[in-house]
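Please read the structure below before turning to the comments.
Every number in this text was worked out from the coordinates using simple rules, so none of it is lab data. What you see is a predicted model; the values in this text were computed from it and never measured. Quick reminder, even Gly has a Cβ in these numbers, built from the backbone with ideal geometry, and neighbours come from all protein chains shown.
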Amino acid sequence: MAGIEKPKPLKVFGRTHYACTRCKLSKIRCSGEKPACANCKSVNKENACVYPNRDRKIVIMESDLNKLHDRVGYLESLVKSNNLPFQSQSESNNTNTAPPSNEVLNKPSQSYNFNQNYLLPDIENDYLQFKLLALCCHRLPEKEYALCLINKVYNTYSSEFYLIELSGILNLIEDIYTIFDLRDKIEEKKWLSMLSEKNSSVSLCYLFIIFAFGEQLLNVSSTSPNSPRLIDNTSNATKSKQKIPGIDYYLLAAQLFRLTQEEITYQFIQSALLLALYSANLNRYNTVYNYFGVAVRSAVANGFHRQRESPAFEDEYSKLLQKINDEKAKRLWWSIFVIDTVWASKMNMPVHIEYTDTDVDLPIENGVVDLGDGFNSEILEVNVHLTKYIAKFIKIIYGPNIRTFSINYINTDQFNQKLLIKNILQCLDDLIDSFEVPVLSPYKSYNVIEPHDRNIGNLFLRFHQLMIIITKPLLSLVFNANSAILIENKQEIELANARGLQAATSTIEIILKFYEFDKLFVLGFWDSQHLFAALSFCIMVHCAKATNEELIQKAIALLGFMSKNNNINAQNCMKKLYLISQVLNGIPEMSFPYDLNADITEFITKKVDPGSNQVIDEVFNPFMDKPQPSESITPVGLFENSRISVLSNESRNLLSSLINTIQSWDNFKGLPIHIYGTARTSNTIKNLV
């Protein structure tokens, strides 16, 4: 069949040749020679000699035509035998393209030939839809395990941020698993159509990212014996334990997530937030920022950030539905605002939207509609007030605010130092007077280790993190002799450093309690980041004056525990601790007296077994037995300490560069921002990094 030649025509109707385009436009006789006619050759225009393609009528033998039909049939059967989707001449006129067969769905992705179908809108792209649906079939876990994952995410975040609507997700579970029970009872094509009709890509994405986040919280793999799949066609080679909990579910959810979503739903925005939170625990900074950006812009496009007048309904049922919808929108908007602003500020990136750009009611402003889901609107509102200060202070201290509209502005190091000190002290006073005293004080008697949630603990961790971020640039002044001479308000700076140290020690105490009572997110970015930020602050203070060495050692051991359990951020933080140890041990007058390989079980014994329902009868609050803002706080006395005064100039310069480097680690892309400006790290530290 492959050796068939083109049939020779018996007769040809029409001209033997046509004029080229140049001769036709010039209206001169064309010789018809190819590749170039005589006229084009005479004027050296061979490249411009082009002949138009025109069909001519020909007469061929019927036997030659039959041979051509046989060849087409042979090639079509060959394509079918290789399971490749195609369209024959007769099918190309039919707009209702049938979905691919089950054999096609189970082929590897490289065997597909999407052609132009890949560029069609999702609703028209049958191949892409059914391929993902088939993938969902193979990745869906058993129902009992799925409910376990949903409950884990719900119990962890449901009362703090509006990420899960429990009734909606449970209805979605029932729909999907009911359809899966019908798989062997109805035709494959009909079954897939039923699944795609009842569940959009958004709802499936929402479901699978919850599965992924649940496994991350539990620190388990979906290939463990506790999570058998409904359909397991995987080979033995792929049944090995996953290294990253939830990664299969996450990758599938990312495939199902479509940015070109015109109709924005709550589930779409919640999916973006969950995708970002999962990615944060993998240290995928840009991915997180992009997903949060999608969530913010989608909410803004729906007008969630603005106060809207509700329609005037006459019947009570419609009024109730409208109130419920407004409550959901309000919860979701402020959840987005808090989560996005905290992340953007931590990475020293611009926030997507400022607090002053909104006028929607605060979470408990003008009343709260009880949806019966246990959501804590009061805690959300306190977080909103804290978050607005986070965005404001980070911009004042770490933003490019030194540049003004004036042509002749002063930007000397001395001017920068004085302005930054002034900004830091003002921000600290503002935080205490406007937030800690009037807003946070009522929660200082609450138990941080409540059995059902971590809301209070997370609130204190964010507050302490802000205190550390505000005050840590002041530590640079302690280690630089030239700058210390220029300081006019040492007492205020000493008090600010003392408040920063108090926040750091409280952070470590809270996270140690979380570990002790099995409330620690072992793979969590924020738990490890809060711990390292507090730990590095304490180590910097320790370089100037001895502090609580036992607490620092416990923090190092706990960070090492998280690192050994594959927490990516904790692993990066441990590498930084090894660098600090290397530098300090290289300074003759200094040392690093801590064991980086210490086991946390040597210091703390867990009081609650994982997964148990044991009642927690201990009460812990980081503000117990500590000076309050209205009381006097004892200065640390870092400037008068002899530990720095005995250092040689070379050792002091190296130590100062190390402190500046440590401060730079908390900023996006390692941008050093401290009391002297940016990029003032010595070559010695740069080479070590």
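Assorted remarks:
- Calculated FRET efficiency, LEU166 to ARG643, Cβ-Cβ distance, R0 = 60 Å: about 0.65 to the nearest 0.05.
- Loop-located GluC sites (Glu not before Pro) in region 315-407 whose Cβ has at most 13 other Cβ within 10 Å (DSSP): GLU365
- A protection proxy built from the mean count of other Cβ atoms within 10 Å ranks the segments 514-525, 589-600, most packed first, as 514-525, 589-600.
- Three-way shape label, region 260-399, alpha-carbon gyration tensor, a/c 1.5: prolate
- Applying both filters, DSSP loop and at most 14 other Cβ atoms within 10 Å, to the trypsin sites (Lys or Arg not before Pro) of region 15-62 gives ARG15, LYS27, ARG29, LYS45, ARG54, ARG56, LYS57.
- Tensor-based shape of region 261-300 (alpha-carbon gyration tensor, a/c under 1.5 rounded, otherwise prolate or oblate): prolate
- By the beta-carbon count within 10 Å of each Cβ, the least crowded to most crowded order of VAL288, VAL72, VAL360, VAL369, fewest first, is VAL72, VAL369, VAL360, VAL288.
- Order by protection proxy (mean Cβ within 10 Å, highest first), peptides 490-502, 564-576: 490-502, 564-576
- Region 480-611: C-alpha gyration tensor shape, a/c 1.5 cut-off, then a/b vs b/c: prolate
- Contour minus Cα-Cα distance for VAL439 and TYR18 (0.36 nm per residue): 142.7 nm
- TYR317/ASP184 FRET efficiency (R0 45 Å; Cβ-Cβ; nearest 0.05): 0.60
- Applying the criteria of a DSSP loop state and at most 14 other Cβ atoms within 10 Å to the trypsin sites (Lys or Arg not before Pro) of region 270-321 yields ARG306, ARG308.
- Restraint check, LYS444/LYS606; LYS8/LYS67; LYS519/LYS554; LYS392/LYS422; LYS395/LYS418, Cα-Cα greater than 21 Å: LYS444/LYS606
- 16 Å cut-off, amide nitrogen to a point 7 angstrom out along ASP373 Cα→Cβ, residues in region 299-325: 321-325
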